[in-house]
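Laboratory data are not the source of any read-out in this text; all were calculated from the coordinates shown. What you are looking at is a predicted structure, and each value in this text was computed from that prediction instead of being measured. Because the Cβ atoms are built from the backbone with ideal geometry, glycine has one as well, and the counts that use them run over all protein chains shown.
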Amino acid sequence: MILRSLQTLHYRNLEPTRLAFQGGVTAIVGGNGQGKTNVLEAAFLVLTGVLDVTRVETVIRLGEKEGFVGAELERDDGITKLEVGLAPGRKAAKVDGARVKTADLARHASAVLIRPEDSELVHGSPGDRRAFLDALVSRMSPRYALALQSYERVVTQRNAVLKQTHEDWMLEIWDAKLSELGAEIMRLRRRAVTRLKTLSNDAHATLTGNGKPLEIALVETARLDDYGAHILEKRREERARGSTVLGPHRDDLEIKLAGLPAADYASRGEARTIALALRKAEYDLLSQKFGEPPVLLIDDFTAELDSSRREFLLEMASLAPQAIVTGTEAAPGAARLYSIHAGALESKQSALFVAGAA
């Protein structure tokens, strides 16, 4: 996949801009706080439908009511036009002019975003790891995305019943649906984690020279073989807490390094290495899914990486059909270069840059 153009309007601090890209490595260079990350975040949004904020309005430029991100993506089967409109509390997506659900963008495009903050996949909460896994599996399986969305609604409605009444018959209405959807999610997660485990192990061994072994496994709170019975066993606890205490929304992606929990024992550098291995595995899985590699987006390629890890990342970028790499200095081997200051981008190859939203 090749991101041929990226257009933004009122997106964070970015000036209204239309950028043109080619294959290979493109570098975006600027100081801290100038908007480098915002460019990658906008590209990731329009290619996947994913926006890593709680409130959409926080990404709309101050003083503006709406924002927009558009892209033209080249795949083996042709060019696709992708659009995301932003307004307080909502996102609206289009593919080739036709309205679609935002989540459906991931059926037409794909990208992997590698950030310094990825170390939180190791040292962060179980919710951080669930979000990583859910986002990945949802992009690989529309069936999973639909089941997860339905499951989350059922959990919300069931929790409301737990807080409002002690009538078992009302809970039973939701129990059957909860166990059906929960079991479906567990099966699809297990399948994905089996593949993720192999690929991340391979990447980690390459990164560390076969150092400390990496282990990844699901920690599940529900019993798949008798999900419904397990729910009944937890009825008293759920009544006391007023919430659903088992199921995929409570599960974790366990990460161990040399047999020890990485969240507790891995150093910051080791956590960054593990996260990089997970992102490489994500890249490989999505390449298999789409039959062609996704767009690779690398934010601040020098951050918290020693020379060997940095070389791995830069080699990954050089081998990708397209990589867009930000930093305070240009990524080695970049064929094209943009500089950014206060949200305004300037191309060192003027033919590739058109200022002003078109």
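Between segment 247-306 and segment 103-155, what is the separation of their alpha carbon centroids in Å? So the separation of the two Cα centres works out to 13 Å.
Could you calculate, for segment 167-313, the ratio of the Cα radius of gyration to the Kirkwood radius, expressed as Rg to Rh?
On the Cα set of segment 167-313, Rg over Rh gives 1.09.
All other residues whose Cβ lies under 11 angstrom from that of Gly30 are scored, Lys and Arg at +1 and Asp and Glu at -1, for a net of -2. Got a sec? Which residues in segment 130-161 would a label at Lys177 touch, if it sits 7 Å along Cα→Cβ and we count backbone N under 16 Å? Zone members listed by number: 146-161. The local environment of Thr80, defined by Cβ-Cβ distances under 11 Å, has a net charge of 0 under the rule Lys, Arg +1 and Asp, Glu -1.
Helices in the chain, meaning DSSP H runs of at least 4 residues, each add -39500 (n - 2.57). Divided by all residues, the mean residue ellipticity at 222 nm is -13500 deg cm²/dmol.
With the cut-off at 1.5 for a/c, could you classify segment 18-89 from its C-alpha gyration tensor as rounded, prolate or oblate? Oblate. In summary, the helical segments of the chain meeting the span-like criteria, namely a full DSSP H run, a Cα extent along the axis of 15 angstrom or more and a mean Kyte-Doolittle hydropathy of at least 0.0, are 36-48.
Packing order of peptides 57-70, 175-188, highest average first: 175-188, 57-70 (average count of other Cβ atoms within 10 Å over each peptide's residues).
Please list 158-167, 290-299, 40-49 highest first by mean number of surrounding beta-carbon atoms within 10 Å per residue.
The peptides rank, most packed first, as 40-49, 290-299, 158-167.
Largest mean-square fluctuation among Asp168, Asp104, Asp202, in a Gaussian network model of the chain whose springs join Cα atoms under 10 Å apart, belongs to Asp168. Between Val39, Val219, Val112, the residue with the greatest mean-square fluctuation in the GNM of the chain (Cα pairs under 10 Å linked by springs) is Val219. I need the shape label for segment 280-346. Rule: rounded when a/c is under 1.5, else prolate if a/b > b/c, else oblate, with a, b, c from the alpha carbon gyration tensor. Oblate shape, in that a/c is at least 1.5 and b/c is the bigger or equal ratio.
Using C-alpha pairs under 8 Å with a sequence gap of at least 6, the mean separation divided by the residue count of segment 121-290 gives a relative contact order of 32 percent. Given R0 = 30 Å, the distance between the Cβ atoms of Leu62 and Asp264 translates into a calculated FRET efficiency of 0.15.
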